[in-house]
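The values are calculated or read from the model by the stated rules, or taken from the named source; none is laboratory data. As the structure is a computational prediction, the values presented were derived from the model and not from experiment. Don't worry about glycine lacking a Cβ; one is built from the backbone with ideal geometry, like all the others, and counts go over all protein chains shown. Areas reflect the complete protein model, heavy atoms only, side chains present, ligands, DNA and RNA absent. Shrake-Rupley method; radii C 1.70, N 1.55, O 1.52, S 1.80 Å.
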Amino acid sequence: MERTYIMTKPDAYERGLVGRIITRIEEKGFKITDMKMMRLDENILKEHYAHLADKPFFPEIVEYMTSGPVVGMIVEGNGVVDSMRKIMGPTDGLEAMPGTIRGDFANNKSENLVHGSDSVENAEIEIKRFFG
Ligand SMILES: Nc1ncnc2c1ncn2[C@@H]1O[C@H](COP(=O)(O)OP(=O)(O)OP(=O)(O)O)[C@@H](O)[C@H]1O
Ligand SMILES: [Mg+2]
């Protein structure tokens, strides 16, 4: 069965939106097969966001992503990787359509509530990274 790695970000925790994000996953009919709350450090973020490590805004990402707890989840279902990206909406909450998580709850391109793997291959890498 296809799997993806979903992770609520610290703003979701701070704003009390973790439950609503989980509800959207469940409403779609996908199965959460593992879940844990964690605090991330800079090392794991350099790995997880390696494609952004040389961007000028990378220190802000680290500050944001270490500002509170995240909730990591393994989510299973047919086509779950692409479907979850659609349910999340694009990176920038101002571009994201209403009805998506980011479209409904985010209004900028940094604090956007939730991470989702962008390919089946990266999903497996990320699941290994966060769940061992
Ligand atoms: N231009 C930017 N300015 C500020 N923060 C950014 C910018 N681009 C990306 N980010 C932050 O880095 C994260 C990872 O960026 P990426 O390009 O992988 O987007 P994404 O795949 O939509 O998000 P994620 O990987 O978290 O699911 C974004 O979700 C956002 O929090
Ligand atoms: Mg990404």
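Would you confirm, using the coordinates I've provided, whether PRO10 is of a type outside the set (S, T, N, Q), within 12 Å of ligand 1 (Cβ to nearest atom) and open to solvent by 40 Å² or more (accessible area, probe 1.4 Å)?
No.
Exactly one condition in (1) open to solvent by 10 Å² or more (accessible area, probe 1.4 Å); (2) more than 20 Å from GLY16 (Cα to Cα); (3) assigned to a helix (DSSP H, G or I) is false for LEU94; which is it?
(3)
Working carefully through the options SER67, SER83, find the one that is assigned to a helix (DSSP H, G or I) and modelled with pLDDT of 95 or more.
Going through SER67, SER83 in turn, the sole match is SER83.
Any residue in the stretch 48-63 that is open to solvent by 50 Å² or more (accessible area, probe 1.4 Å) and closer than 17 Å to VAL114 by Cα?
Scanning the stretch 48-63, I find at least one residue that is open to solvent by 50 Å² or more (accessible area, probe 1.4 Å) and closer than 17 Å to VAL114 by Cα, so the answer is yes.
Going by the conditions given, is MET65 touching a Leu at 6+ places or on another chain (Cβ under 7 Å) and either within 15 Å of ligand 2 (Cβ to nearest atom) or free of Cβ contacts under 8 Å to residues at least 12 places away in the same chain (or both)?
So MET65 passes the test.
Mind checking which residues of the stretch 13-47 are in a loop (DSSP other than H, G, I, E, B) and either over 13 Å from VAL71 (Cβ atoms) or open to solvent by 50 Å² or more (accessible area, probe 1.4 Å) (or both)?
Answer for the stretch 13-47, where residues must be in a loop (DSSP other than H, G, I, E, B) and either over 13 Å from VAL71 (Cβ atoms) or open to solvent by 50 Å² or more (accessible area, probe 1.4 Å) (or both): ARG15, GLY16, LYS28, GLY29, PHE30, ARG39, ASP41.
Within the stretch 26-59, can you find the residues that are under 17 Å from ILE125 (Cβ atoms) and within 13 Å of ligand 1 (Cβ to nearest atom)?
Answer for the stretch 26-59, where residues must be under 17 Å from ILE125 (Cβ atoms) and within 13 Å of ligand 1 (Cβ to nearest atom): LEU40, LEU45, LYS46, GLU47, HIS48, TYR49, ALA50, HIS51, LEU52, ALA53.
Pairs under 7 Å by beta carbon, first residue of a type in the set (Gly, Ala, Ser) in the stretch 22-41, partner open to solvent by less than 50 Å² (accessible area, probe 1.4 Å), six or more apart or different chains?
GLY29/GLY77
Any residue in the stretch 102-123 that is crowded, with 19+ Cβ neighbours inside 10 Å sitting within a Cβ distance under 6 Å of a residue that is in a loop (DSSP other than H, G, I, E, B) and hydroxyl-bearing (Ser, Thr, Tyr)? List the pairs, counting only those 6 or more apart or interchain.
Listed pairs, sorted by first residue: ALA123/SER117.
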